[in-house]
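Structure first, then comments.
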Amino acid sequence: MTSLRPASTATLVLVTEDAPIAPPAVAVSPSVPPPVPEGSVRFATFNTALSRGRPGRMARALASAGWGRARVIAETVQRVRPDVLLVNEFDHDPTGRALRSFARGYLARGWNGAEGVDYPYAYTAPVNTGVASGVDLNGDGRVVTEPGSVAYAEDALGFGRFPGQYGMAVFSRYPLDVARARTFRSLRWAEMPGALLPVDPVTGGPFFSPEARAVARLSSKSHWDLPVDPGWGRPVHLLASHPAPPAFDGPERRNVLRNHDEVRFWVDYLTPGADGYIRDDAGVRGGLEPGAPFVVAGDLNADPREGASPPKAITRLLEHPRVVDPLPCSQGGRGRVGSAVCAVGHGEVCAEDTRRGHLRVDYVLPSRGSSVGARGVFWPALDDPLVRLTGVGRPFPGSDHRLVWVDVAP
C-alpha cells in the first residue's frame, strides 16, 4: 500500500505485507554488533551504490531477488540490523515500487544465514539530481536539456543523467511522521548568506551567469528533516542528505564549494539566529527548534583532515554544541591503516588518526543530550568470513562505502 502526501510527491510506503519468513541468524563474525539494547534505537547510513545509469533500471533489477549486488547490500544491513536506515544512491521512484521490492525481496529475506529485517515504513522524496535546469550550469556555453549524457548531468540541478538518479530513501522499524517532514530541495544556493558561489578563475567575476545564479540550488540531492517516532514521547528528527562530492569540476571548484555549503546547511539549521534564510519546500521558514532530538546522517562527502573538501564546514558540524561525534570504529579499518587506529566511513579513515588515502565521509551524528551507546563501521577484517561482503578492493561485491551505525537512547 502506498500513501502519497497531499500536494506532494514524497512517498511513505508500508512494505511488510506478505514478507517471507527468514532463517535464523548465524553469528559468524566479530564485525556483527550485539543486539540493540532495550530502549535504544540503532541509526545507520549506507551509501549502497545501487543507482543505475538509466531510468527505471534499478527498479527493474530489484523486481526479482536475483541481483547479486543488492543481495550483498541486504545481507550487510541484516548483519548490523539497524532500526532506522538512510540509504544513499538509491534511484528515486515516486511509485514506491523500488522501495517495496528492496524491502520485501531483499531486506526481509534472509541471506546466507542472516535473519531478514522487516521495515514496516519507508520514505522517499524527489531529489535535484538529473532534473534539467534549463540553463548553462557547467559554464561550457551550452544548455543541454536532453537526458542521458554527462553534459546533461552537469547542467542538471544536481549531477545526474536522468531525474532521480542517486536519490535517497529511509527504511524504518518505527513510524515516520511524513505529515511533518520537511524537505529543502528548492532552496536556491544564492539564498544562503555568505554562500561560497564559484568564481571564474580567469576573470575573477561570478562563474554563474545571472540566469544560472537564479536557478542554481543548494542541495545536489535534497536535505530532509524526517521525524521518527521511537516511542520516546517525542520524535527524533532524522536530518538526511548526500552532498555533492568535492570533485569532477573545473578550476572554479563549484562542486568543492557546493559540498561545503551543503554541509554548512546543517550547521545553520541547528543554530538559532543563523537559520533565518532557511525555507522548506512548503514555504515554512527556520531551522530545528532548540532541544529537539535529532540524528544527522548521510554520505556527506567531507573529511575533516584529508581529501578535497574544505574542512571548515564538516569541522563546524562535528564540533557544533548540539552535536555528538561518536567516533565509530571497525576491525577492518585497523587491519588496513595500522593496529593503533580505527577506521570510519568510506572504507578509509580513522576518527582519531587519519592516514593519507583514507577518507571519512559517512556520518551518523546524534544530538547532544542523547545517550550514545555502541557504534561502529561494518568493515570486516581480512581474516573475517564476512569480508566477502565488503571485499578487499575493486571491483567491490556491494558498495565502495561502509555502513555506519550508532545506538541512541533518550
If we keep only residues of the range 69-90 that are closer than 18 Å to residue 53 by Cα and open to solvent by 10 Å² or more (accessible area, probe 1.4 Å), then the residue farthest from the chain's Cα centre (by Cα) is 69
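Residues checked against (1) touching a His at 6+ places or on another chain (Cβ under 9 Å); (2) modelled with pLDDT under 95; (3) open to solvent by 20 Å² or more (accessible area, probe 1.4 Å); (4) of a type in the set (A, V, I, L, M, F, W, C):
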site	(1), (2), (3), (4)
316	no, no, yes, no
330	no, yes, no, no
335	no, yes, yes, no
339	no, yes, yes, no
342	no, yes, no, yes
355	no, yes, yes, no
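Just for the range 176-213: of the residues that are part of a loop (DSSP other than H, G, I, E, B) and open to solvent by less than 30 Å² (accessible area, probe 1.4 Å), which one is nearest to residue 255 (Cα to Cα)? Lay out the reasoning, then the answer.
Residues of the range 176-213 part of a loop (DSSP other than H, G, I, E, B): 177, 181, 184-187, 192-198, 200-205, 207-209.
In the following step, the residues that additionally are open to solvent by less than 30 Å² (accessible area, probe 1.4 Å) were identified as 181, 184, 187, 192, 195, 198, 205, 208.
Numbers: 181: 27, 184: 19, 187: 17, 192: 16, 195: 13, 198: 9, 205: 17, 208: 13 Å.
Only one residue fits best here, namely 198.
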Screening 225, 268, 261 for residues that are under 18 Å from residue 299 (Cβ atoms), out of contact with any strand residue (DSSP E or B) (no Cβ under 8 Å at 6 or more places or on another chain), at pLDDT 95 or above and of a type outside the set (Ser, Thr, Tyr) leaves only 261
Over the range 378-410, the set of residues open to solvent by 10 Å² or more (accessible area, probe 1.4 Å), of a type in the set (Val, Ile, Thr) and closer than 20 Å to residue 317 by Cβ is none
May I ask you to verify whether residue 103 is free of Cβ contacts under 8 Å to residues at least 40 places away in the same chain and buried (at least 22 other Cβ atoms within 10 Å of the Cβ)? no
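Confirm whether residue 215 is among the β-branched types (Val, Ile, Thr), over 30 Å from residue 106 (Cα atoms) and modelled with pLDDT of 95 or more. So that I can check it myself, show each step before the final result.
Numbers: among the β-branched types (Val, Ile, Thr): yes; over 30 Å from residue 106 (Cα atoms): yes; modelled with pLDDT of 95 or more: yes.
Criteria met by residue 215.
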For the range 361-377, the count of residues that are open to solvent by 30 Å² or more (accessible area, probe 1.4 Å) and either of a type in the set (Asp, Glu) or part of a loop (DSSP other than H, G, I, E, B) (or both) equals 1
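Of the residues that sit in the range 215-243 and are farther than 23 Å from residue 367 by Cβ and touching a helix residue (DSSP H, G or I) at 6+ places or on another chain (Cβ under 8 Å), which one is most open to solvent (accessible area, probe 1.4 Å)? Working first, answer last.
Initially, the range 215-243 is screened for residues farther than 23 Å from residue 367 by Cβ, giving 215-217, 220.
Okay, now just the ones that are also touching a helix residue (DSSP H, G or I) at 6+ places or on another chain (Cβ under 8 Å), so 216-217, 220.
Values: 216: 6, 217: 57, 220: 4 Å².
The extreme case among them is 217.
The values are calculated or read from the model by the stated rules, or taken from the named source; none is laboratory data. All figures in this text were calculated on a predicted structure; none of them were measured in a lab. For neighbour counting, all protein chains shown are included, and Cβ atoms are generated from backbone atoms with ideal geometry for every residue, glycine included. Each accessible area value is taken on the protein alone, full model and side chains, heavy atoms only, with ligands, DNA and RNA left out. Shrake-Rupley method; radii C 1.70, N 1.55, O 1.52, S 1.80 Å.
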